[in-house]
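The values are calculated or read from the model by the stated rules, or taken from the named source; none is laboratory data. Computed from a predicted model, the values in this text were never measured in an experiment. Counting neighbours? That spans all protein chains shown, and the Cβs are built from the backbone with ideal geometry, glycine included. Protein only, heavy atoms only, side chains kept; ligands, DNA and RNA dropped before computing areas. Shrake-Rupley method; radii C 1.70, N 1.55, O 1.52, S 1.80 Å.
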Amino acid sequence: MTEKTATISFSDGSPALTLPMFEASLGPDVIDIRTLYGKTGKFTYDPGFLSTASCGSTITFIDGDKGELLYRGYPIDELAHNCNFMQVCQLLLYGGLPTKEQNEKFTQLVTHHMMVHEQMQFFLRGFRRDAHPMAVLTGLVGAMSAFYPDSMDLLDAKTREVTAIRLISKMPTLVAMSYKYSIGEPVVYPDNSLSYAGNFLRMMFATPCEPYKVNNVIERAFDRILTLHADHEQNASTSTVRLCASSGTNPIAAIAAGVACLWGPAHGGANEACLRMLDEIQAQGGVEKIGEFVDKVKDKNSGVRLMGFGHRVYKNYDPRAKLMRETCHEVLGELGLANDPQFKLAMALEKIALEDDYFVKRKLYPNVDFYSGIVQKAIGIPVPLFTAIFALARTVGWIAQLNEMISDPEYKIGRPRQRYIGEKHRHVDAAKKS
Ligand code: CMC
């Protein structure tokens, strides 16, 4: 088989350069430009990484045009319908679905490490009670790195595995602790008899005053939220975690960097922003006001975007949004909220946007955040905590990606180049110095 190559020609008189190309098992082939600078003295320019693959990965694949998402080759809808989050964690971390025995062992290990060091509560108490949960979570995860200095040995596979278990186990506890603190209720410790999702729901909603029974429908819905958000290729927070960890830093600290990145409204903060948008339309008159709102969105000078719509990679319906829509119906039915005005508003807004030329032309479809906010709110999760739930779910993806990077023989510290467009050499004028 002839090897594929790409040849770049230059209009500035530099000789043409032929570069190797690598095939992908799915998706676009890549042009290997690593020797470009050495051979031509030129960099490539790609702000926002629109055409740049930063790594090779075997974990997640998205076909944005088809609206397809695969974890280790398995379609997300098959996983969402047939596996629980613990199985998905093992798939992402180890590459294959676990056997029954492997699953029991992994689940037990995770469950038995959910409690966090008691001293973490001192860090928690240092925060204002009205602090944004993502600020608190960024701080708590960063603080946790201080408790595990042994995680630093990144080159040791066993250490990396222990760190993965620690993070997956303790993240729900940290999120629930930050919620309890914000409302002035005592922290609820994990209960080893419960599932991962059930345990989190109990730590969130139980009080010492009465027994708490986990609702199976809500537990399943929460487990699905976790599965759907578990990984998503080289998105901003995952790339942040990889870049941060590429220096050899403590992996728990690298995850804290991922939490910080996820906070932004263009990334993990979109479900919170989407719900606020629905509240705003509701306050202005509800379904009748959708037309006016959509006009505002289409007006480039308004600075308003339809939150929960559009995606850098999906130029089709986000497959996670379909599954989340299904869960939304289930949860609202279970809780007797099927006629919830916010849900009806979301459905009407989705219908109008999907038929509008502005959105059709730009291939703007609902993303997972369009529905996940409604589900979370129905479950009782307060809006400011939505992104923290996303962080809890994404932790396994971050750590799987970090581990993949460290094990990659081509791994190097990340160090992008730049196109410098500032002042050329200047000198301080001694006469003008005060
Ligand atoms: N509402 C209105 N117009 C939009 C929207 C939107 N939500 N998204 C994109 N556009 C327009 C944009 O104005 C541009 O129009 P034009 O070509 O006329 O200038 C065109 O569509 C392309 O947009 P872009 O900003 O170049 O696209 P991008 O790939 O850089 O941005 C995005 C992707 C997700 C940041 C953007 O679609 C957005 O801001 N969406 C709303 C926020 C949101 O829901 N984010 C959650 C993403 S899913 C969660 C995750 O995976 O992290």
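Might you check whether a residue that is free of Cβ contacts under 8 Å to residues at least 12 places away in the same chain, open to solvent by 10 Å² or more (accessible area, probe 1.4 Å) and in a helix (DSSP H, G or I) occurs anywhere in the stretch 248-257? No, because not a single residue in the stretch 248-257 is free of Cβ contacts under 8 Å to residues at least 12 places away in the same chain, open to solvent by 10 Å² or more (accessible area, probe 1.4 Å) and in a helix (DSSP H, G or I). For Glu233, indicate whether it is part of a loop (DSSP other than H, G, I, E, B), under 30 Å from Glu326 (Cα atoms) and open to solvent by 40 Å² or more (accessible area, probe 1.4 Å). Criteria met by Glu233.
Out of the helices (runs of 4 or more DSSP H) lying entirely within the stretch 334-434, which hold 1 or more residues that are open to solvent by less than 10 Å² (accessible area, probe 1.4 Å) and closer than 30 Å to Ala157 by Cβ?
Numbers: elements: 341-355, 357-361, 369-379, 386-407.
Per the criteria, 386-407.
Any chance the stretch 9-29 includes a residue that's farther than 13 Å from Arg417 by Cα, modelled with pLDDT of 95 or more and in contact with a Phe, Trp or Tyr (Cβ under 6 Å, 6 or more places away or on another chain)? Within the stretch 9-29, one or more residues are farther than 13 Å from Arg417 by Cα, modelled with pLDDT of 95 or more and in contact with a Phe, Trp or Tyr (Cβ under 6 Å, 6 or more places away or on another chain).
The set of residues from the stretch 316-325 being open to solvent by less than 70 Å² (accessible area, probe 1.4 Å) and of a type in the set (Lys, Arg) comprises just one member, Arg320. For beta carbons closer than 6 Å, sequence separation of 6+ or different chains, a first residue in the stretch 169-186 that is part of a helix (DSSP H, G or I) and a second that is of a type in the set (S, T, N, Q), the qualifying pairs are Met171/Thr395.
The set of residues in the stretch 329-350 that are free of Cβ contacts under 8 Å to residues at least 60 places away in the same chain and within 16 Å of the ligand (Cβ to nearest atom) contains only Glu350. Among the residues of the stretch 309-318, those identified as part of a loop (DSSP other than H, G, I, E, B) and within 6 Å of the ligand (Cβ to nearest atom) are Gly310, His311, Arg312.
Residue-wise test of (1) of a type in the set (Asp, Glu); (2) in contact with a Pro (Cβ under 8 Å, 6 or more places away or on another chain).
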site	(1), (2)
Ala256	no, no
Ala260	no, no
Gly264	no, no
His267	no, no
Ala273	no, yes
Arg276	no, no
Asp279	yes, no
Gln284	no, no
Glu288	yes, no
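Test of understanding: among Glu355, Glu423, which residue is free of Cβ contacts under 8 Å to residues at least 12 places away in the same chain, within 16 Å of the ligand (Cβ to nearest atom) and over 24 Å from Arg220 (Cβ atoms)? Walk me through how you get there before you give the answer.
Working: Glu423 fails: within 16 Å of the ligand (Cβ to nearest atom).
None of the others qualify; the one that does is Glu355.
Do you know which residues across the stretch 107-153 are of a type in the set (D, E, K, R), within 25 Å of Ala273 (Cα to Cα) and touching a helix residue (DSSP H, G or I) at 6+ places or on another chain (Cβ under 8 Å)? Passing the criteria: Arg129, Asp130. Within the span defined as the stretch 55-70, one or more residues are surrounded by 14 or more Cβ atoms within 10 Å (Cβ to Cβ), more than 16 Å from the ligand (Cβ to nearest atom), more than 23 Å from Ile168 (Cα to Cα) and at pLDDT 95 or above.
Please go through the stretch 183-200 and give me each residue that is more than 27 Å from Tyr94 (Cα to Cα) and either modelled with pLDDT under 95 or of a type outside the set (Ser, Thr, Tyr) (or both), ordered by number. Break it down into steps so the answer makes sense when it comes.
Our first condition is that a residue be more than 27 Å from Tyr94 (Cα to Cα); within the stretch 183-200, this holds for 183-189.
Answer for the stretch 183-200, where residues must be more than 27 Å from Tyr94 (Cα to Cα) and either modelled with pLDDT under 95 or of a type outside the set (Ser, Thr, Tyr) (or both): Ile183, Gly184, Glu185, Pro186, Val187, Val188.
Would you please name the residue that is surrounded by the fewest Cβ atoms within 10 Å (Cβ to Cβ), looking only at residues in the stretch 262-308 that are more than 11 Å from the ligand (Cβ to nearest atom) and not in a helix (DSSP H, G or I)? Taking the candidates together, the pick is Asn301. (1) more than 16 Å from the ligand (Cβ to nearest atom); (2) touching a Cys at 6+ places or on another chain (Cβ under 7 Å); (3) not polar (S, T, N, Q): which one isn't true of Ala253, the others all being true? For Ala253, the exception is condition (2).
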